[in-house]
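S.K.: Pasting a structure here, questions to come.
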Amino acid sequence: MQGISRAFRAQRLTQWQAWHERLVIWGAAVATGAVIVLFARLGDWAGEIFAHAHALSPWAGLLITPFAGMAIVAIARRWFPGSEGSGIPQTIAALEAAEGTVERGRFLSLRIAFGKLWLGTAALAGGFSVGREGPSVQMGASIMYAFRRLLPRGHSIRARDMMLAGGAAGIAAAFNTPLAGIVFAIEELSRRFEQRTNGVLLTAIVLAGLVSISLQGNYLYFGHLSVEMIDHRILWPVLICAIVCGTAGGIMSRLLLYSTTPWRGLLGRVRHGKPIIFAGLCGLVVALLGLLTRGEVHGSGYLTTQAMLSNDILVEWYYAPAKLLATVVSYFSGIPGGIFAPSLAIGAGIGRDLEPLLSDFAVAGSIYALCMAAFMTAVTQAPITSFIIVMEMIDGHEMVLSLMAVTLLSSLVARIFSPPLYHTLAQAMTFAPKPLTPPTIAPADRR
């Protein structure tokens, strides 16, 4: 009995403060999962609205997308500063900010999460080429960070652990990939793992994942991908997909980094002096690309990718470059929206273009999966996260070694063209002379 009593005390099972901490973390994780599922439902609904409008008239996007961009940026700048862009760089910037500084509140708050939810939905309803996974990271981190105020006095939970767990739970719930959430937190958000973070992180991911499964079912993001026996012939597709996708993804990453640099000429003056008009111009470009591609570049690309993997459609050769351009322009506009899902769609489009050249070495589904993982790696330069996300999303465990190989090679190729995207963007946000969101704050100390 004494041994059992000591075990209870060691685990703090009889202390109200410990249970208070646990209940707060559990509540935050459940709230995160519920909000991410709501965002997923709203995003699907918004995409259907735009698809219906485009089906009624292909020219509708020329009106809807520019005005949606202008309205979203105007609302974001007026009421929800800090909700712009992907959300992952903002989360990284908050994690790197010194404890107790106002920098963290500049990047993470319930106000920002609320704006991200509704403005991100509006961006999809407006036809922009954006995803919801990056915003889900910022929303999850914001919710967990806000819940820290409910912790008891003298608690042992660091704010940084709450933010890290929330970001990881957001990606896990968005993709229904719990393992990827853990790896993403280590590889991309934190780049280090501490023992004291372990319990908070795993608890948040498990509970957020359970909420997602209970509300949406235990589904695979892109469905089951049938892959034939993999043999040595897969080496050629791995090498070619890594080179092509590594180059294309590295170029896209470099283009996205131009959002952090001053632009010259008339376009630069419009972008910096009249951001709302600039967002409308970006929306017009996206709408024109949609008109030229019969609407294929609009939205996250989820349905198109799913259809390609199941062999329901065969997109045209220009889908990948057009989707890439639409995603970059959407990011430049300043609307809330991520690049994860569009990157997967672009990768699948590149796989469609390479499939005729590689059909003697692998089936189409394998080539699509290789290119999806390779392109996402090249853009994010997070190879382990990318291969696990693709593996979990398609139930492609037969391709574990080939996915690992293509992501590692693609990451090496991408580094020739661009530095790491998210950390470079986060650094620009933290140390820019004029922060992206008011008020003007002194740069935070980096740890």
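S.K.: Cβ neighbours within 10 Å, averaged per peptide: list 399-408, 149-158 in order, most packed at the top.
M.R.: Values: 399-408: 22.2, 149-158: 12.9.
Per-residue Cβ counts within 10 Å, averaged per peptide and sorted highest first, yield 399-408, 149-158.
S.K.: A further question on this structure: Given q = 0.08, 0.10, 0.13 Å⁻¹, what are the Debye log10 I(q)/I(0) values for the chain, with equal point scatterers placed on the Cα positions and solvent ignored?
M.R.: Here the Debye-derived log intensity ratios amount to -0.43, -0.67, -1.12.
S.K.: Do the sum for the chain: with -39,500 (n - 2.57) for every DSSP H run of n ≥ 4, divided by all residues, what is the mean residue ellipticity at 222 nm, to the nearest 500 deg cm²/dmol?
M.R.: Numbers: 20 runs with 303 residues, N = 447.
-22000 deg cm²/dmol, from helical runs alone.
S.K.: Of A369, P420, W16, which is farthest along the charge dipole of the chain in the positive direction, counting Lys and Arg as +1 and Asp and Glu as -1 at C-beta?
M.R.: Comparing the listed Cα positions along the dipole, W16 ranks first.
S.K.: Can you tell me, using C-alpha contacts under 8 Å and at least 6 residues apart, the relative contact order of the chain as a whole percent?
M.R.: Details: 860 pairs, mean separation 105.7, N = 447.
Result for the chain is 24 percent.
S.K.: Something else about it: Calculate, in nm to one decimal, what R22 and R78 gain on full extension: separation in residues at 0.36 nm each, minus their alpha carbon distance. Don't skip to the answer; put the middle values down first.
M.R.: Values: separation 56, 0.36 × 56 = 20.16 nm, distance 3.66 nm.
Length gained between R22 and R78: 16.5 nm.
S.K.: Also, quick follow-up: What whole number of Å gives the distance from the Cα centroid of region 166-192 to the Cα centroid of region 270-285?
M.R.: Distance between centres, Cα-based: 33 Å.
S.K.: ³J(HN,Hα) across region 316-324 via Karplus (A = 6.51, B = -1.76, C = 1.60, θ = phi - 60°), whole Hz, x for Gly/Pro?
M.R.: 6, 4, 8, 4, 4, x, 5, 5, 4
S.K.: Which is farthest toward the positive dipole end of region 232-429 among A287, S259, F387, measuring Cα position about the Cα centre, with Cβ charges +1 (Lys, Arg) and -1 (Asp, Glu)?
M.R.: S259
S.K.: So if we plug the beta-carbon distance of R111 and I243 into 1/(1 + (r/R0)^6) with R0 = 45 Å, what FRET efficiency do we get, rounded to 0.05? Before the final figure, lay out the partial values.
M.R.: On the way: r = 44 Å, r/R0 = 0.98.
For R0 = 45 Å, the calculated efficiency reads 0.55.
S.K.: By per-residue mean of other Cβ atoms within 10 Å, what is the highest-first order of 364-375, 107-118, 174-185, 260-271? Present the calculation step by step, with values, prior to reporting the outcome.
M.R.: Details: 364-375: 29.9, 107-118: 22.7, 174-185: 24.8, 260-271: 11.8.
Ranked from most to least packed, the peptides come out as 364-375, 174-185, 107-118, 260-271.
S.K.: Ranking request for peptides 53-59, 330-336, 341-347: highest mean number of other beta-carbon atoms within 10 Å first, then the rest in descending order. Mind dumping the intermediate values first?
M.R.: Details: 53-59: 13.4, 330-336: 26.7, 341-347: 30.3.
In decreasing order of mean packing, 53-59, 330-336, 341-347 become 341-347, 330-336, 53-59.
S.K.: Mind listing the phi-derived Karplus ³J(HN,Hα) values for region 400-415, rounded to whole Hz, using 6.51, -1.76 and 1.60 with θ = phi - 60°, and x for any glycine or proline?
M.R.: These are the phi-based 3J(HN,Hα) values: 4, 5, 5, 5, 4, 5, 5, 6, 5, 5, 4, 4, 5, 5, 5, 5 Hz.
S.K.: I've got another one for you. Rounded if a/c is under 1.5, else prolate if a/b beats b/c, else oblate: with a ≥ b ≥ c from the C-alpha gyration tensor eigenvalues square-rooted, which is region 344-404? Spell out each step's value before the answer.
M.R.: Values: a/c = 2.05, a/b = 1.34, b/c = 1.54.
Oblate is the answer for region 344-404, as a/c is 1.5 or above yet b/c matches or exceeds a/b.
S.K.: Now, a different point. Show the residues, 5+ positions off or on another chain, whose built amide H is closer than 5 Å to the amide H of G85.
M.R.: Placed amide hydrogens put I335, G337 under 5 Å from G85.
S.K.: Provide the per residue accessible area, probe 1.4 Å, for the chain, rounded to a whole number of square angstrom.
M.R.: Working: 18730 Å² over 447 residues.
That works out to 42 Å² per residue.
The values are calculated or read from the model by the stated rules, or taken from the named source; none is laboratory data. Not measured: the values here are computed from a predicted model. Heads up, the Cβs are rebuilt from the backbone with ideal geometry, glycines too, and the neighbour counts pull from every protein chain shown. The accessibility values were calculated without ligands, DNA or RNA, using every heavy atom of the protein model including side chains. Shrake-Rupley method; radii C 1.70, N 1.55, O 1.52, S 1.80 Å.
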